[in-house]
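To start, the structure itself, in structure tokens.
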Amino acid sequence: MHLHVIFPLAISLLLVLSPAAVRRCAAQERTDDAPPYKPLVSPLARDSATSLYTISIQDSGPLVVDLAGPLVWSTCTSDHPTLSCSSRECASANGDGVTPAPAPAPRPSCRKRPNCACTAHPCNPVTGRCAAGDLTSSPMSANTTDGRSLLPHPVSFSTVASCAPENLLQSLPAGAVGVAGLSRAPLSLPSQLAARRGLGSRFALCLPGVAVFGNTTIYLMGFPLELTAIIGRTPLVKNPKRSGDYYIPAVAITMVWTSGDTPAALPPRALELDPATGLGGVTLSTVAQYTAMRSDVYGPFLQAFDAAIGAPGTVKKVPEVAPFKLCYDGWSLRPLKRMGWDVPIIRLELAAGASSNWTMYSGNSLVQVGNRTMCLAFLEMAAGGGSDDGPAVVIGTHQLEDNLLVFDADNEELRFSGILRGSGATCSSFNFTA
């Protein structure tokens with residue numbers, strides 16, 4: 001058959017088959033977001049002005065990532081829907097626990113007005129300011145993933161969220177419309193995705209770069225192996241006063257370098273969490289930029305690091321640059337090919353049950369503050385540690401960057417990679433192509 005005959009025939013068949021093909025494609029798009037739901041992935045971006053991280057998952061704009069936040073909240077349009085004040089979600093939004101509270105008995109006002117709107121109390125994690133806002137349903141969208149790259153079709157879904165006034169956005173990145181709380185509280189983003197979409201209790205953060213929600217493998221370009229199976233693990237510790245926060249069981253801090261190990265001379269049980277009062281312990285934060293330590297931890301920590309780095313006699317100390325207390329001449333530090341500078345490794349020693357200790361190399365421990373000045377990127381807490389149930393150490397984002405962190409609430413476990421830079425991968429090397 002000649003080409004002049006084949007071509008019109010092919011066009012005719014295409015016209016006949018196209019409606020069926022379109023219907024199949026439409027059906028595929030409809031069934032892509034049907035149970036069992038696939039894990040979700042979203043990019044994480046660092047705002048240079050505030051050093052905060054945002055996730056692009058809410059339809060109205062990016063949300064600031066708050067690892068300790070109990071709620072998803074954002075500004076709302078005037079015609080937003082509301083949830084009833086007698087709903088289970090309202091009880092969860094106003095409770096202190098990390099498990100959903102039973103629906104409360106109707107309040108007197110609710111008996112008179114069965115459809116009364118629930119009021120939540122979102123808080124700005126930077127300023128500490130809180131406000132009242134309606135509890136609502138918030139539209140979101142994200143890509144699905146197999147842990148290696150994006151799957152073809154993005155999905156849309158909704159979460160329970162709190163409305164907030166515009167002035168609650170103070171000190172957040174320009175363009176951010178609210179906060180995505182990632183704590184173990186029932187209305188945090190991971191808890192809702194686990195309960196509503198059956199994704200499992202795991203979620204992963206890799207700053208700056210990617211967030212993954214659901215039980216899945218994770219691969220990063222530049223490293224051939226599946227990461228979640230080979231990285232370190234430690235049990236998570238629950239604080240009865242801050243039940244949604246993530247605490248790890250640290251027992252000591254040691255500097256490791258060529259001159260040998262130099263332990264920080266901490267007071268007995270200085271890092272321990274008191275289960276009765278909620279005081280002490282080591283927790284993680286995506287809001288604090290630099291790790292902050294209580295005074296009785298910070299002083300011995302600085303002394304140990306300075307003693308270790310000064311032992312060979314080649315590193316030159318320079319005047320401190322606020323807010324840091326220990327600074328060095330960067331030209332006196334020996335550069336390494338992938339890991340920054342040759343300085344003491346900070347080893348956070350974890351309690352029994354952990355598969356390894358948490359080590360911090362110079363990429364996480366030092367910060368450049370001048371043309372040739374490098375400072376130890378750790379801060380001293382204000383007197384009292386900030387509150388009556390405050391932690392001994394808050395690990396900030398500078399120390400969390402380029403670490404794959406996998407939070408598993410069901411198994412009360414945190415998986416951590418340590419800095420990825422030496423492996424050939426980074427947190428920015430997730431394959432965001434379908």
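Derivation of every value follows stated rules applied to the coordinates shown; laboratory data play no part. In this text, all values refer to a predicted model and were calculated from it rather than measured experimentally. All Cβ positions, even for glycine, are placed from backbone atoms using ideal geometry, and neighbour counts span all protein chains on display.
Once the Cβ-Cβ distance of residue 334 and residue 171 is raised to the sixth power relative to R0 = 60 Å, the FRET efficiency obtained is 0.95. Structural descriptor for the stretch 232-429: relative contact order 28 percent, calculated from alpha carbon pairs under 8 angstrom and at least 6 residues apart.
One entry in (1) 202; (2) 161; (3) 133 is volume of the Cα convex hull per residue in Å³ calculated from the shown coordinates; its label is (1). Helix 3-31: angle to the longest alpha-carbon principal axis of the chain, degrees 0 to 90, nearest 10? Relative to the chain, helix 3-31 is tipped by roughly 60 degrees. Applying 0.36 nm per residue to the separation of residue 431 and residue 121 and subtracting their alpha-carbon distance, the gain on full extension is 107.9 nm. Reducing the stretch 327-392 and the stretch 287-316 to their Cα centroids gives an inter-centroid distance of 7 Å. In the elastic network of the chain, a GNM with C-alpha springs shorter than 10 Å, the most mobile of 191, 60, 183 is 60. Could you compute the FRET efficiency for residue 314 and residue 276, with r as their C-beta to C-beta distance and R0 at 56 Å, rounded to 0.05? Result of the calculation: an efficiency of 0.75. Put in line by how crowded their Cβ is, counting other Cβ atoms within 10 Å and starting with the fewest, 347, 184 read 347, 184. Shown for 325, 316: other C-beta atoms within 10 Å of each C-beta, ranked fewest to most, produce the order 316, 325. The packing ranking of peptides 117-129, 209-221, 255-267, highest mean first, is 209-221, 117-129, 255-267, where packing means the average number of other beta carbon atoms within 10 angstrom of each residue. Taking Cβ atoms as reference points and 15 Å as the exclusive limit, the residues near residue 331 contribute a net charge of +2, counting Lys and Arg as +1 and Asp and Glu as -1. Taking amide H atoms as placed 1.01 Å from N in the peptide plane, the amide H of residue 237 lies under 5 Å from those of 247, 248, each 5 or more residues away in sequence or on another chain.
In the chain, the DSSP beta bridges split such that about 85 percent are antiparallel, to the nearest 5.
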